[in-house]
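First the structure, in the form of structure tokens, and then the observations on it.
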Amino acid sequence: MCLGVPGRVVEVRHEQGARMATVDFGGVTKTVCLAYVPDVDVGDYTIVHAGFGITKVDEASALESLRLFAALGDLAEGGAGGEVGMGPAT
Amino acid sequence: MKYLDEFNDPALAGRLFDEIAAAATRSWAIMEVCGGQTHSIIRNGIDQLLCDRVELIHGPGCPVCVTPLEMVDRALAIAARPDVVFCSFGDMLRVPGSHSDLSSVKAAGGDVRVVYSPLDALALAAENPAKEVVFFGVGFETTAPANAMAVFQARERGLHNFSMLVSHVLVPPAIEAIMSSPMSRVQGFLAAGHVCSVMGTWQYEPLAVRHQVPIVVTGFEPLDVLDGIRRCVLQLEAGRAQVENAYPRAVRAEGNQVAQQMLARVFEVCDRQWRGIGMIAASGWRLRAEFAEFDAEQRFDVGSIAADEPARCRAGEVLQGLIKPDECECFGVECTPRTPIGAPMVSGEGACAAYSLYGRLRPEEAVGDD
Amino acid sequence: MTDGVGGVQLEGWSCPLPLRGQDRIVLGHGGGGVLSDELTRHLFLPAFGEAARHATPTDSHVLHLGGGTRLAFSTDSYVVRPLFFPGGNIGELAVNGTVNDLAMSGAQPLALSTAFLLEEGLELAVLGRIAEAMGAAALAAGVQLVTGDTKVVERGHGDGVFINTAGVGLVPEGVDIRPERAQPGDVVVVSGPIGMHGIAVLSEREGLQFGTELRSDTAALNGLVEVMLATGADIHALRDPTRGGLAATLCEIAETAHVGIEFDDRSVPVPEAVRAACGFLGLDALHVANEGKLVAIVPSHAADDVLAAMLAHDLGKGATVIGRVTESHAGTVVARTALGASRVVGRPLGEQLPRIC
């Protein structure tokens, strides 16, 4: 159900009444239908599945997730004895 | 590649493994619903590296695996017709029907084509007005918007030679069915990230409450999967049973409302047989009556289909997470990717195929540290 | 059931359960993976019988002609669709492919034959372009196209053009390159980034079309092999990872030599564009065909010299060590994942089908 890959929109156009785009997946481009993601425009990233963008990738959320991962273990490392149970707030 | 490489970072993965090990004070069994997650877990060896206290149970989230046998046989019958160009996603090609598969139908002269998107099939219909172009519309909610648009566009553009054989399945009823089974050991779920990109997370709230299970919406890259597991374990340890979003960069609580509107327009809920599992009420989508003209099931009369599943195939138990693929007697012996007995051995997302492709060494053979 | 043709007993095939309904050739049989191998072992070789008792599973076969002269002999057929793809066409593949098969035995290619199976209706201009490409590729490789044949099949029965090339070459004295020679302790080297040819071809296929700057890496490798041999190193094995990709090649070597091979996922050079295409098609780069790369199994003490020679050559600029040959898990190829787990690497089953849902 799931092969959804993030790509960057490089060009948007209209074909047969539908909003279509050229999406760049890191050196490989594909024509993708943006009908379901009207908020996605040139420069944005979208998750593409079966030829359609299904959602916009939220950069702020992505960065926040990575920050969270990087912070893991820092509490234990900085503290005394590495106690179990000091998980980060969810 | 942006939004992929960063979520594959081995150092951050190490921290997540440690966090999970530190958090788990007892054994927990968590089911990842989605076949794409199963694939990622096995390919990256996540289950190998996870602490022993956390067990991953592989769920039925492989649409290819659960497409009812009767529907596969129907597809084969349609594909064999000389006037038909039968289009399908790649991994349906080798799924065994009762007596054959699409690959064999192609070998025998059927015009069977692999496409990346239902829009490619639509293009074929526009280019070949004298042919009947049929698309095999399988998938969960992630794929349904693409299929809905293809049917909708076919009607808008007057492409009367196009039709779709629809066999959509839905995740929430599957979770309900799994949790309602007395044999289930599942204590927490990793919900399918891209299904939720489309449908949102609100459908899972009543499930979490009713069955008192944490449901964590999870992505597919190693860090995403690990974070999903981590959050699930933390909830289990704390006795919580909530819907949590561990894939916020691609999932919002309300989901994709534009897609949901199209889905409601084109499809309606129906009962569905899940191959290996059985009938799950209100667990599928079919085309609404106004789109009947584009429904391949109605357009092509292929006679009665007598589906015949080999008794020794335990795909159903694998799909429900009751056994692991390598606990099936046929695994690796009679049933291999080369000679599949059931669908989970064929599909790219099937648990049996994942176990086979990314096979395991016996401990004494494992690669040593350099 | 027993098929009366030539005494082939289909029920004697090694798989305990015959593939459901499969009594015909499927596309996967030409894929270079498990199915192709089965067809050779279980249909062709038994059917050929005694006449094939000297046949070898390698890309080319070395005939001992007496007086120390060793002639390498190879054949290959080219069926690619589309005929023209970024970086080349079927003509180049046909010449380079057989030149490379010969070079993988360490032979210096001498001459090729070219046989064409043409579909009625094929445009002469198209055939002309293909033939010109073959001439140019042969010159670049230093071989002569010395003999050939042409047949035409009825419209609808061909993919436009099928080409078979067969070739002969001489193996220099002292050179003994065979997959069986791979030994524990040897180093596994790949000559450059993988997956380019397969993805370049797929990008043009109907139903998949995608844009890419990737071009096929089709190239004649005999020059590269020559500089590698010139180091004086006792290269044990060479193989070009064509259909079936790097995975199939490593599996073949491991099985033939009955050794283990291990490599690190992260050390295999994969261009970003190949990674990206494999990502959205659901393919594994290890299974994607290459047409201008080789895998070398080299004794560890000679590895530095061989690698240096490769890096100095046009076609070896991306050469790198990816792993080693081991005693453990003999016959099996194991990869270490980026996360530190290990997994068994198998051959692809057959045709590379984009995985979508």
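The values are calculated or read from the model by the stated rules, or taken from the named source; none is laboratory data. Just so it is clear, the model here is predicted, and its values are computed rather than measured. Backbone-built Cβ (ideal geometry, glycine too); neighbour counts: all protein chains shown.
Being within 9 Å of another protein chain (Cβ to nearest Cβ) and under 14 Å from residue A:58 (Cβ atoms) is the filter; apply it to region B:247-265 and report the residue that is surrounded by the most Cβ atoms within 10 Å (Cβ to Cβ). Outline the logic, then answer.
Here is the first cut: in region B:247-265, the ones within 9 Å of another protein chain (Cβ to nearest Cβ) are B:247-252, B:255-256, B:258-259, B:262.
Those still in the list that are under 14 Å from residue A:58 (Cβ atoms) too: B:247-252, B:255-256.
On the way: B:247: 26, B:248: 16, B:249: 26, B:250: 27, B:251: 29, B:252: 17, B:255: 21, B:256: 24.
Looking at the filtered set, the residue picked out is B:251.
Considering only residues that are more than 13 Å from residue A:30 (Cα to Cα) and touching a strand residue (DSSP E or B) at 6+ places or on another chain (Cβ under 9 Å), look in region A:2-20 and name the one that is surrounded by the most Cβ atoms within 10 Å (Cβ to Cβ).
Looking only at region A:2-20, we keep the residues that are more than 13 Å from residue A:30 (Cα to Cα), and these are A:2-4, A:13-19.
Subsequent filtering for residues that are touching a strand residue (DSSP E or B) at 6+ places or on another chain (Cβ under 9 Å) retains A:2-4, A:13-15, A:18-19.
Numbers: A:2: 31, A:3: 27, A:4: 27, A:13: 11, A:14: 8, A:15: 9, A:18: 14, A:19: 18.
Residue satisfying both the conditions and the ranking: A:2.
Each residue in region B:287-309 was checked for being at pLDDT below 95 and among the basic types (Lys, Arg), and 1 of them qualify. If you go through region B:1-45 and keep only what is among the polar types (S, T, N, Q) and facing chain C (nearest Cβ under 10 Å), you end up with B:8, B:44.
So, restricting to strands (runs of 3 or more DSSP E) that lie completely within region B:185-265, which ones have at least 3 residues that are under 18 Å from residue A:68 (Cβ atoms)?
B:215-218
On the basis of being touching a Ser or Thr at 6+ places or on another chain (Cβ under 6 Å) and within 11 Å of another protein chain (Cβ to nearest Cβ), does residue B:167 make the cut? Criteria not met by residue B:167.
Quick one: what pairs do we get from region C:208-224, first residue away from chain A (no Cβ under 14 Å), second aromatic (Phe, Trp, Tyr), C-beta under 9 Å, 6+ apart or different chains? From region C:208-224, the pairs are C:216/C:85.
Does region B:130-137 contain any residue that is assigned to a loop (DSSP other than H, G, I, E, B), away from every other protein chain (no Cβ under 13 Å) and more than 22 Å from the chain's Cα centre (by Cα)?
Filtering region B:130-137 down to residues assigned to a loop (DSSP other than H, G, I, E, B) leaves B:130-131.
Of the ones still in play, those that are also away from every other protein chain (no Cβ under 13 Å) are B:130-131.
Now restrict to residues that are more than 22 Å from the chain's Cα centre (by Cα): B:130-131.
Yes, some residue in region B:130-137 is assigned to a loop (DSSP other than H, G, I, E, B), away from every other protein chain (no Cβ under 13 Å) and more than 22 Å from the chain's Cα centre (by Cα).
Between A:57, A:37, A:42, A:12, the distinction of being more than 17 Å from the chain's Cα centre (by Cα), more than 19 Å from residue B:115 (Cβ to Cβ), of a type in the set (A, V, I, L, M) and at pLDDT 95 or above belongs to A:12 only. Just one of the listed residues (B:56, B:69) is touching an Asp or Glu at 6+ places or on another chain (Cβ under 6 Å), surrounded by fewer than 24 Cβ atoms within 10 Å (Cβ to Cβ) and away from chain C (no Cβ under 13 Å), namely B:56.
With respect to the stated conditions, residue B:197 fails to be more than 14 Å from chain A (Cβ to nearest Cβ) and of a type in the set (Gly, Ala, Ser).
Suppose we filter region B:294-333 for residues that are in a loop (DSSP other than H, G, I, E, B) and touching a residue at least 12 places away in the same chain (Cβ under 8 Å); how many remain?
Looking only at region B:294-333, we keep the residues that are in a loop (DSSP other than H, G, I, E, B), and these are B:300-314, B:320-324, B:328-330, B:332-333.
Of the ones still in play, those that are also touching a residue at least 12 places away in the same chain (Cβ under 8 Å) are B:300, B:302-303, B:305-310, B:312-314, B:320-322, B:324, B:328-330, B:332.
Qualifying residue count for the region: 20.
Note on region A:13-46: residues that are within 13 Å of chain C (Cβ to nearest Cβ), outside any loop (DSSP other than H, G, I, E, B) and either without any contact (Cβ under 8 Å) to a residue 12 or more places away in the chain or among the hydrophobic types (A, V, I, L, M, F, W, C) (or both) amount to 4. When residue B:87 is tested against (1) at the interface with chain C (Cβ under 8 Å from one of its Cβ atoms); (2) at pLDDT below 95; (3) in contact with a Phe, Trp or Tyr (Cβ under 7 Å, 6 or more places away or on another chain), exactly one condition is not met: (2). Might you check whether a residue that is on the phi > 0 side of the Ramachandran plot and over 22 Å from the mean Cα position of the chain (by Cα) occurs anywhere in region C:94-113? No, there is no match, as no residue in region C:94-113 is on the phi > 0 side of the Ramachandran plot and over 22 Å from the mean Cα position of the chain (by Cα).
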